[in-house]
Amino acid sequence: MIDLRTKVREVPDFPEPGIGFKDISPLLLDPEALQQAVDELAAWVRERRADLVLGAEARGFWLGAAIAYAAGCGFVAARRPGKLPPETVSATYSLEYGENTLEVAADAIGRGARVAIHDDVLATGGTVEAIAGLVEDLGGTVVGVNFVLELSFLGGRDRLARYDLHSLVTY
Ligand code: AMP
């Protein structure tokens with residue numbers, strides 16, 4: 001087993017002064033680390049009997065579709081405005097740095113669908129909280145939210161307390 005923490009690179013002052021950016025590129029570059037991360041998250045998703053994995057643009061796409069494949073789920077993308085053909089539902093929320101809007105295709109999530117949300121990093125939890133709201137507005141159930149890594153000092157886990165939450169590495 002690889003200690004996945006050793007596969008995360010900290011980049012100071014990116015993309016803004018004062019932000020300690022967690023870069024999972026070393027994990028993605030290492031075939032064994034990549035496989036271990038996908039397998040662990042996919043096993044967790046499978047246990048929650050998810051129908052769909054929803055990945056957040058853009059870094060949630062990297063492992064999101066791989067997790068869906070490994071867990072035997074479909075994949076849905078939450079995208080920046082204007083990228084998906086209509087009809088979409090959208091949510092705007094604030095980030096650790098700046099604000100963002102994400103959209104999901106309105107017909108992607110059927111009533112009663114069991115959805116596991118994936119993103120690379122849990123910071124304040126605003127992204128996943130907003131996406132989870134969209135899933136619920138469309139009649140889906142959020143059966144879990146999972147991340148490669150979690151910045152616990154930003155309190156995202158408290159903000160997402162109503163959801164079953166899993167991350168591979170905690171800072
Ligand atoms: P949040 O909505 O605050 O949980 O922010 C999560 C989103 O912002 C994720 O998509 C992350 O990719 C990105 N993010 C926020 N802070 C960081 C950080 N310090 N390092 C890497 N990614 C981050």
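In the elastic network of the chain, a GNM with C-alpha springs shorter than 10 Å, the most mobile of ILE19, ILE117, ILE131 is ILE19. Between PHE14 and ILE19, PHE21, the built amide H atoms are under 5 Å apart, and every one of these is 5 or more places off in sequence or on another chain. For the chain, modelled as a GNM with alpha-carbon contacts under 10 angstrom, which of PHE14, PHE61, PHE147 fluctuates the most? It is PHE14.
Among GLU57, GLU103, GLU87, which one moves the most in a GNM of the chain with springs linking Cα atoms closer than 10 Å? Sorting by GNM fluctuation, first place goes to GLU87. Annotation: amide H-H contacts under 5 Å for HIS118 (H modelled 1.01 Å from N, sequence separation of 5 or more, or interchain): LEU54, GLY55, ALA56, ASN146. With θ taken as phi - 60° and the Karplus curve 6.51 cos²θ - 1.76 cosθ + 1.60 applied, the whole-hertz 3J(HN,Hα) list for the stretch 37-43 is 5, 5, 4, 5, 6, 5, 4 Hz, x standing for glycine and proline. Specify which residue in the list LEU102, ALA70, LEU122 is farthest towards the positive end of the charge dipole of the stretch 60-171, using unit charges on the beta carbon of Lys, Arg (+1) and Asp, Glu (-1), about the Cα centre. Working it through, the farthest residue towards the positive pole turns out to be ALA70. Residue-wise HN-Hα couplings along the stretch 18-31, as the Karplus relation 6.51 cos²θ - 1.76 cosθ + 1.60 with θ = phi - 60° gives them from phi, are x, 8, x, 6, 9, 9, 8, 3, x, 5, 5, 6, 9, x Hz; Gly and Pro carry x. 3J(HN,Hα) along the stretch 112-127: x, 5, 9, 10, 9, 8, 10, 9, 6, 10, 8, 9, 7, x, x, 4 Hz, from the Karplus curve 6.51 cos²θ - 1.76 cosθ + 1.60 with θ = phi - 60°, whole Hz, x for Gly and Pro.
Bear in mind that the values in this text are calculations on the coordinates, not laboratory data. Note that the structure is predicted; figures quoted are calculated from it, not measured. Because the Cβ atoms are built from the backbone with ideal geometry, glycine has one as well, and the counts that use them run over all protein chains shown.
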